[in-house]
Amino acid sequence: MDSRTSTPIITQAHARAGLVGNPSDGYFGKTISFIIRNFRAEVRLEESEELRIEPNERDHSVFGSIEALARDVRQFGYYGGIRLLKASVKRFFDHCAKNRIRLHGRNFTLRYSSNVPPQVGMAGSSAIITACWRALMRFYAVEIPRHVLPGLVLSVENDELGIPAGLQDRVIQSYEGVVFMDFNRASMEKLGHGHYEELDPALLPKLYVAYTTRLSEGTEVFHNDIRGRWNRGERDVVSAMYHWAGLAQRVRDMLLEGRGHEIGPLLNENFDLRRRLYQLSEGNIKMVETARDCGASAKFTGSGGAIVGTYENEAMFQRLQAALVPQDVQVIKPLILSTGDIPG
């Protein structure tokens, strides 16, 4: 938007799945992630006399009953998306001030919407933040390199809101498509970002994503002191991070060699190691085991609530649906490319 038009700015960011290597991204590891265009967060910015941030349905404070309040809190937590937008605007201003980027004095109104399933490890919060930064960048005509944007988005959650998170989600939402990420310590400490390699989505085998439609059980993050154990140099945790990074490197190499159909066992290995190290909920374990009983591979997309894996053919995909849907688990084929990028 410039001074000659009041056309609204509409920006988006999509859900994502960690294919392999997670959760080593926060521990100088390596991961591969892909975007899920089936779900997105959208931010709408319109010029206005005052700066306004308008609430979404998940930000409301009026309920039909005490049960409705409890259900809303279980699904969306105690905070909606307004704090994400407010913290994003503040962090954007700080970034521009630090880099002596002059901003015009016009105000705006922000609105957001999201159909990313909440609290199932598909990065819905960072999608809202990423979409907000894209809108602000367009409104103020500020350019931020793709490899820099993820760190700024992460700082909104880490520094402004005190939410623990890693770079993986923000990198894939910045780059989109499929990305191999190397967060080696030398790059992270010297440059503030990792090495990011975009991969051709056509190299991937058949993939499914499944996620619970029940109210969230909560994720493993709150039940495991992995960060503390890492900081203390606990051998099992440090070794696991190296192992997960190695799996990501192997999958990357196999994809480039045209051997994507062979990566399923490595995805299983990723989850099996996680299960040995973390305390996981029974619901999450059942999702993985049910998918494997159908012949598919399975691992978490993030920290629980959703899984990703390979399947062989349409018959196996239908078996996945038949087995998981009765457990209140939705099964989808992830859309990674935009419509215009799909051949034919």
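With a cut-off of 16 Å on the backbone N, the residues of segment 158-172 near the modelled label site 7 Å out from K90 along Cα-Cβ are 158-164. Site pair D328 and R259 shows an inter-label distance of 4.2 nm when each label is modelled 7 Å from Cα along Cα→Cβ.
For the residues Y112, Y140, what sequence is obtained by ranking on other C-beta atoms within 10 Å, fewest first?
Details: Y112 27, Y140 17.
The fewest-first ordering by Cβ neighbours comes to Y140, Y112.
If you find the alpha carbon centre of segment 153-179 and of segment 1-74, how far apart are they in angstrom? What the calculation gives is 12 Å, centre to centre.
A simple spin-label model places pseudo-atoms 7 Å from Cα toward Cβ; at R106 and H147 they are separated by 3.3 nm.
Relative contact order, percent, of segment 228-344 when contacts are C-alpha pairs under 8 Å separated by at least 6 residues?
Details: 86 pairs, mean separation 20.0, N = 117.
The value is 17 percent.
Placing R0 at 35 angstrom, the Cβ-Cβ distance between R138 and Q75 gives a FRET efficiency of 0.65 after rounding to 0.05.
Going through segment 72-165, which GluC sites (Glu not before Pro) have at most 14 other Cβ atoms within 10 Å and a DSSP loop state?
Values: sites: E143, E157, E160; in loops: E143.
Those that pass, being in a loop and sparsely packed, are E143.
With 0.36 nm allotted per residue and the present C-alpha distance subtracted, the E282-E314 stretch has 8.7 nm of extension available.
Loop-only trypsin sites (Lys or Arg not before Pro) in segment 85-136, please: DSSP not H, G, I, E or B, and at most 12 other Cβ atoms within 10 Å.
Numbers: sites: K86, K90, R91, K98, R100, R102, R106, R111, R134; in loops: R100, R102, R106.
Passing sites in segment 85-136 are R100, R102.
Within a straight-line Cα-Cα reach of under 12 Å, K30 can be paired with the following aspartates and glutamates, leaving aside sequence neighbours fewer than 8 residues apart in one chain: D182, E197. Were the residues from A202 through D236 laid out at 0.36 nm apart, the gain over their Cα-Cα distance would be 8.7 nm. Axis angle, to the nearest 10 degrees, between helix 235-256 and the longest C-alpha principal axis of the chain: 90 degrees. In loop segments of segment 1-87 as defined by DSSP, the GluC sites (Glu not before Pro) with at most 12 further C-beta atoms inside 10 Å of their C-beta are E49, E50.
Report note on the peptides 239-248, 168-177, 275-284: ranked by the mean count of other C-beta atoms within 10 Å, highest first, their order is 168-177, 239-248, 275-284. Cross-link reach is defined here as a Cα-Cα straight distance under 23 Å, omitting same-chain residues fewer than 8 places apart; for K286 the lysines meeting it are K206, K299, K333.
If you add up the charges near D225, with Lys and Arg at +1 and Asp and Glu at -1, over every other residue whose beta carbon is less than 10 angstrom from its beta carbon, what do you get? Result for the neighbourhood of D225: +2. Of the options (1) 0.96; (2) 1.14; (3) 1.00, only one is Cα Rg over 2.2 N^0.38 Å as computed from these coordinates, and that is (3).
Between H243 and L337, what's the calculated FRET efficiency when r is the beta-carbon distance and R0 is 35 Å? Round to 0.05. Please report the intermediate quantities before stating the final value.
Working: r = 31 Å, r/R0 = 0.88.
With a Förster radius of 35 Å, E is 0.70.
Taken together, the values in this text are just the output of simple stated rules run on the coordinates, not laboratory data. Nothing here was measured: the structure is a model prediction, and the numbers come from that model. Here the Cβ is made from the backbone with ideal geometry for all residues, glycine too, and neighbour counts use every protein chain on show.
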